[in-house]
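Accompanying notes for the structure given below.
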Amino acid sequence: LDVIEAAEPTMHAFLHVSADEALAQADAFDKRLAAGDTDGLPELAGVPIAIKDMIVTKGIPTTAASKILEGWVPPYDATVIEKIKAAGMPILGKTNLDEFAQGSSTEHSAFGNTYNPWNKDCVPGGSGGGSAAAVSSYEAPLALGTDTGGSIRQPASFTGSVGVKPTYGGVSRYGAIAMASSLDQIGPCARTVLDAALLHEVIGGNDRRDSTSIPAPVPPVVAAAREGLKRDLKGVRVGLIKEIGGSGEGFQPGVAKRFNEAVELLKSMGAEVTEVSLPHLSYSLGAYYIIMPSEVSSNLARYDGMRYGLRVMPPDDKPQTAANMMAYTREAGFGDEVKRRIILGTYALSAGYYDAWYGSAQKVRTLVIEDFAKAFEQVDVLASPTAPTTAFHFGEKTDDPLAMYLGDVTTIPANLAGVPAISVPCGVDDSTMPVGFQFFAPQQHDEAMYKPAAALE
Ligand code: GLN
C-alpha cells in the first residue's frame, strides 16, 4: 500500500485503492495462519492482488472506467473474486482500463490515462493498462485482467509483464462485466510465468453460474511452468505462424529482431521449430471488428439509466419519457469509442445487413477455428510476436481508430478460436521498450504453452 501511494501520482494504474478492505483481509488471513487453519490454501495464500475494474467486487466500486457506472457498488462478487478471497489473497484495488475494455492503450478510460512504467510518454497498452502497469511498477505482485481481443496480453507485452488468456470457458466469467461474451476471458497478469500459473490455478475451474464454463479441472499449468524452468524443450514442436509474423516480417524492426532471437533460444533448448500457415488468420481482424461490436451493442443495452449507475433526465423543455431518459443517460454516460462500437454493432446486426456482415464474420470465425485445429495436428504450440510494435506514444493513435485496431492483429485470433495464449517478455527494442513473445496452445491444453513460456523467460 505504501508503494501504491508513492507511485500512483505519476502512474495512475488504479481507479480505486481498497486499503481498508486489503488490510482487513490481511488481518483475517494472519489470524487464520495463527489458528493453524491452513488446509486447502494455495501457494499464493496471503499474496495481494489488483483487479481490473471490469470485474465486480462486492462493496468495492466497479466502473468499467465508464461514467455510466460511476458510483456503482456491486452487491456481489465475481466467481474469481470469491476464489481469491478464499485463497486469503488481499484485494488492493481496482485498476484502470479503456472504457468497457474497448481499446488498446487505456486512453479511452473516462477517468484519465495510465502511464507506462518504462517510459511515461508511452501508453501501457490496453485495455488492461492499469493491471499491467500495477504489476510492472511493483505496485502489485499480481493482477487480474480480461481479454476479449488481447487486453491482457498486449499490455503485458508493452510493460514487460506476463499475461495469459486462458482457454475460453476455463475461467468463470460470472461477474466479469460483459463486453463481447463469446470472446471475453478473465486471466492472470504477473511478473513471471510461474506466478501466472499459480494464479491461473486459483481462479480456474468449472462454475455452474457460467453456462460456457468447461466442466473439467484446470489444466496442470503450474507443473508445466516448473517443468519449463528446467529449460529443456526436447520434443516440443513450435510452429511459427506465417500470417502473423512467423519470421518477424512486417513488424517494427526491434520487435522482429527480438522475436527471431527468442526463436533461436527455443531451438538451443531443443525445441523443433517450423513455420506453419493458418491461411484464414489474415481475415481475423476483420471478423473480430464485426463480431465484437455486435456483441458489445447487445451487451451494453442494459445501461439504460434504469438499473445501474448514472441517470440523466431530459431537460425541462423535452418530453419526460423513459425513452428520452435512456437517450440522455447513454449520451452523457458513454465515451466516443464505446458509442462508435455500439453504432457499428447495431448496424451489423440490423435486418437486411445481418447475413452480409455478422453472418459472414461468423463463417470466417469457423475457418479460423479450423485453421488452429489443423495446425495443432502438426505442432504442440504456435508462436508469434504478441504485438506488431512496442508501446507507442500518448495521442499517436487516438484520432485514428483504424490504426489502433490494426495493432490487435496478433492477439485477436486466440479469442476467435477460443484457444489459450500467453505473452512473455523477450527483451527490449532500441528505445529500451519491452517486446512480447506469444505462444498459443490447443483448447483445454493451457499447460502446453506454459512450459516453453517459462523456459524462454
Ligand atoms: N484492443 C482490443 C479492442 O479494442 C481488445 C480489447 C479487449 O481485449 N478487451 O477491442
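Bear in mind these aren't lab numbers, they're just calculated from the coordinates by the rules spelled out. Keep in mind that this is a model prediction, so the values were computed, not measured. In this analysis, Cβ positions are derived from the backbone assuming ideal geometry, glycine residues included, and neighbour counts consider all displayed protein chains.
Taking segment 27-55, which residues are touching a Leu at 6+ places or on another chain (Cβ under 7 Å) and either farther than 19 Å from Pro141 by Cβ or exposed (fewer than 12 other Cβ atoms within 10 Å of the Cβ) (or both)?
Result: Met54, single match.
Taking the criterion of being outside any helix (DSSP H, G or I), within 16 Å of the ligand (Cβ to nearest atom) and either over 20 Å from Ser247 (Cα atoms) or among the polar types (S, T, N, Q) (or both), would at least one residue in segment 436-454 satisfy it?
Scanning segment 436-454, I find at least one residue that is outside any helix (DSSP H, G or I), within 16 Å of the ligand (Cβ to nearest atom) and either over 20 Å from Ser247 (Cα atoms) or among the polar types (S, T, N, Q) (or both), so the answer is yes.
Which helices (runs of 4 or more DSSP H) does segment 1-101 wholly contain that include 1 or more residues that are of a type in the set (Val, Ile, Thr) and under 22 Å from Val171 (Cα atoms)?
79-86
Name the single residue that is farthest from the chain's Cα centre (by Cα) among those in segment 389-423 being of a type in the set (Gly, Ala, Ser) and part of a loop (DSSP other than H, G, I, E, B).
So, considering only residues that are of a type in the set (Gly, Ala, Ser) and part of a loop (DSSP other than H, G, I, E, B), the one farthest from the chain's Cα centre (by Cα) is Gly395.
(1) farther than 21 Å from Phe372 by Cβ; (2) surrounded by 16 or more Cβ atoms within 10 Å (Cβ to Cβ): which one isn't true of Ala301, the others all being true?
Tallying (1) farther than 21 Å from Phe372 by Cβ; (2) surrounded by 16 or more Cβ atoms within 10 Å (Cβ to Cβ), Ala301 fails exactly one: (2).
For Arg226, all conditions in the list (1) more than 23 Å from Ile412 (Cα to Cα); (2) in a loop (DSSP other than H, G, I, E, B) hold save one; what is the number of the exception?
For Arg226, the exception is condition (2).
Going by the conditions given, is Ala101 surrounded by 22 or more Cβ atoms within 10 Å (Cβ to Cβ) and within 16 Å of the ligand (Cβ to nearest atom)?
It is true that Ala101 is surrounded by 22 or more Cβ atoms within 10 Å (Cβ to Cβ) and within 16 Å of the ligand (Cβ to nearest atom).
Determine whether segment 22-33 contains at least one residue that is under 26 Å from the mean Cα position of the chain (by Cα) and in contact (Cβ under 8 Å) with a residue 12 or more places away in the chain.
yes
Among the residues in segment 45-58, are any among the hydroxyl-bearing types (Ser, Thr, Tyr) and more than 29 Å from Leu183 (Cβ to Cβ)? Don't jump to the end; show me each part of the working.
Quick first cut of segment 45-58, residues among the hydroxyl-bearing types (Ser, Thr, Tyr) only: 57.
From what's left, more than 29 Å from Leu183 (Cβ to Cβ): none.
No: segment 45-58 contains no residue that is among the hydroxyl-bearing types (Ser, Thr, Tyr) and more than 29 Å from Leu183 (Cβ to Cβ).
Using the structure shown, decide if Asp336 is among the acidic types (Asp, Glu), surrounded by fewer than 13 Cβ atoms within 10 Å (Cβ to Cβ) and within 19 Å of Ile68 (Cβ to Cβ).
Against the criterion (among the acidic types (Asp, Glu), surrounded by fewer than 13 Cβ atoms within 10 Å (Cβ to Cβ) and within 19 Å of Ile68 (Cβ to Cβ)), Asp336 qualifies.
Would you please name the residue that is nearest to Ile214 (Cα to Cα), looking only at residues in segment 388-423 that are away from the ligand (no atom under 13 Å from the Cβ) and among the small types (Gly, Ala, Ser)?
Out of the qualifying residues, it is Gly418.
If I ask for residues that are of a type outside the set (S, T, N, Q) and surrounded by fewer than 21 Cβ atoms within 10 Å (Cβ to Cβ), which ones from segment 1-16 would you list?
Of the residues in segment 1-16, the ones of a type outside the set (S, T, N, Q) are 1-9, 11-16.
Leu1, Asp2, Val3, Glu5, Ala6, Ala7, Glu8, Pro9, His16 - these are the residues of segment 1-16 that are of a type outside the set (S, T, N, Q) and surrounded by fewer than 21 Cβ atoms within 10 Å (Cβ to Cβ).
For segment 264-295, give me each residue that is in contact with a strand residue (DSSP E or B) (Cβ under 6 Å, 6 or more places away or on another chain), buried (at least 20 other Cβ atoms within 10 Å of the Cβ) and among the β-branched types (Val, Ile, Thr).
Val276
For Pro385, are the conditions met, namely being surrounded by 24 or more Cβ atoms within 10 Å (Cβ to Cβ) and either in contact (Cβ under 8 Å) with a residue 40 or more places away in the chain or over 17 Å from Gly228 (Cβ atoms) (or both)?
Working: surrounded by 24 or more Cβ atoms within 10 Å (Cβ to Cβ): yes; either in contact (Cβ under 8 Å) with a residue 40 or more places away in the chain or over 17 Å from Gly228 (Cβ atoms) (or both): yes.
Yes; evaluated as a whole, the condition is true for this residue.
Could you tell me which of the residues Pro215, Pro220 is in contact with a helix residue (DSSP H, G or I) (Cβ under 6 Å, 6 or more places away or on another chain) and surrounded by fewer than 22 Cβ atoms within 10 Å (Cβ to Cβ)?
Pro220
For Asp371, indicate whether it is under 19 Å from Gln252 (Cβ atoms), of a type in the set (Asp, Glu) and outside any strand (DSSP E or B).
No.
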